[in-house]
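Okay, structure first, notes after.
The values are calculated or read from the model by the stated rules, or taken from the named source; none is laboratory data. What you see is a predicted model; the values in this text were computed from it and never measured. As a convention, Cβ positions derive from the backbone with ideal geometry for all residues, glycine included, and neighbour counts pool all protein chains shown. Side chains are part of the model used for accessible areas, which takes the heavy atoms of the whole protein and leaves out ligands, DNA and RNA. Shrake-Rupley method; radii C 1.70, N 1.55, O 1.52, S 1.80 Å.
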Amino acid sequence: SCIDPTLQSADLVVANLEGPITATSSRSAGSKVASRDNYVFTFPLSTARLLAAHHIGVVNLGNNHILNFGTSGFDSTQHSLMEADVAYFGQAAGESLVYATNVNAVPIEFINYNEFGGDAATTLSQIENAKQTGYLPVVYTHWGVEYTATSSANSRELAHRFVGAGAALVVGSHPHVVEDHEVYK
């Protein structure tokens, strides 16, 4: 792939996994655009190995599609990722998982906020815990309005709260376009 050299040269590649990894056939493939099934995604079981082969070491599971195939799809995803040695974190299926690692001797903890089923209080608590245990909190969010390049006032306010609690970086996903950015504190 054309971005492989960039991915291979990175110390750590983190991505959003926008759907479960299952043995189930995708309902979105071949469905009518804008129909209910058009938004029900899954990835084949080979996906986790592909992520690892392309140097993607950590994925966020806290998004609006990870439960497209219920908790069994979520469990299948976790199992596939563990087998491929791809780490994961995120708020989904009643869990709020973090991922702590060291990158070039810098202790980093990846924390998720999922607007579509997450809890800001949990994220704030996880930021505090990461700071207390000596980790640099990085909050990877799933929020916003699709195809809108301007972040909402609510997202900005919440990002400021996350930074105020100690997050070193807040990264957003979901809109499918590059949104605006801000340097805050």
*From largest to smallest, what semi-axes in whole angstrom does segment 53-115 give when each is the square root of 5 times an eigenvalue of its alpha carbon gyration tensor?*
21, 15, 9
_Principal axes of segment 1-93: Cα extent on each, largest first, Å_ = 40, 28, 21
*asked:* With bins 10 Å wide starting at 0, give me the P(r) of the chain over every alpha carbon pair, in whole percents.
replied: 9, 34, 38, 17, 2
_Radius of gyration and Dmax over the Cα atoms of segment 6-59, both given in Å_ = 13.8, 41
*On Cα atoms only, tilt of 70-83 relative to the major axis of the chain in degrees*: 70 degrees
*Report the residue, chosen from SER25, SER35, SER152, that carries the largest GNM mean-square fluctuation when the chain is represented by alpha-carbon nodes joined by springs under 10 Å.*
SER35
*For segment 28-185, report the accessible area per residue in Å² (1.4 Å probe, heavy atoms, rounded to an integer).*
52 Å²
*Once you've got the GNM for the chain with C-alpha springs shorter than 10 Å, pick whichever of GLU109, GLU128, GLU95 has the biggest mean-square fluctuation.*
GLU95
*Distance in nm between label sites at GLN8 and MET82, each 7 Å beyond Cα in the beta-carbon direction?*
3.1 nm
*Just how large is the dipole of the chain about the Cα centre, in debye to the nearest 20, putting +1 at every Lys and Arg Cβ and -1 at every Asp and Glu Cβ?*
180 debye
*Could you please state how large a percent of the accessible area of the chain is carbon and sulfur, counting protein chains only and using a 1.4 Å probe?*
54 percent
*For every helix of n ≥ 4 consecutive DSSP H residues, a contribution of -39,500 (n - 2.57) applies; sum these over the chain, divide by its total residues, and give [θ] at 222 nm rounded to the nearest 500 deg cm²/dmol.*
-8500 deg cm²/dmol
*Using only Cα atoms, tell me the angle between helix 153-165 and the longest principal axis of the chain; keep it within 0 to 90° and round to the nearest 10.*
50 degrees
*In whole Å, what is the distance between the alpha-carbon centres of segment 157-180 and segment 1-19?*
20 Å
*Select from ALA167, ALA48, ALA34 the residue whose mean-square fluctuation is largest in a Gaussian network model of the chain (Cα-Cα springs shorter than 10 Å).*
ALA34
_Using only Cα atoms and rounding to the nearest 10 degrees, what angle (0 to 90) does helix 120-132 make with the longest principal axis of the chain?_
60 degrees
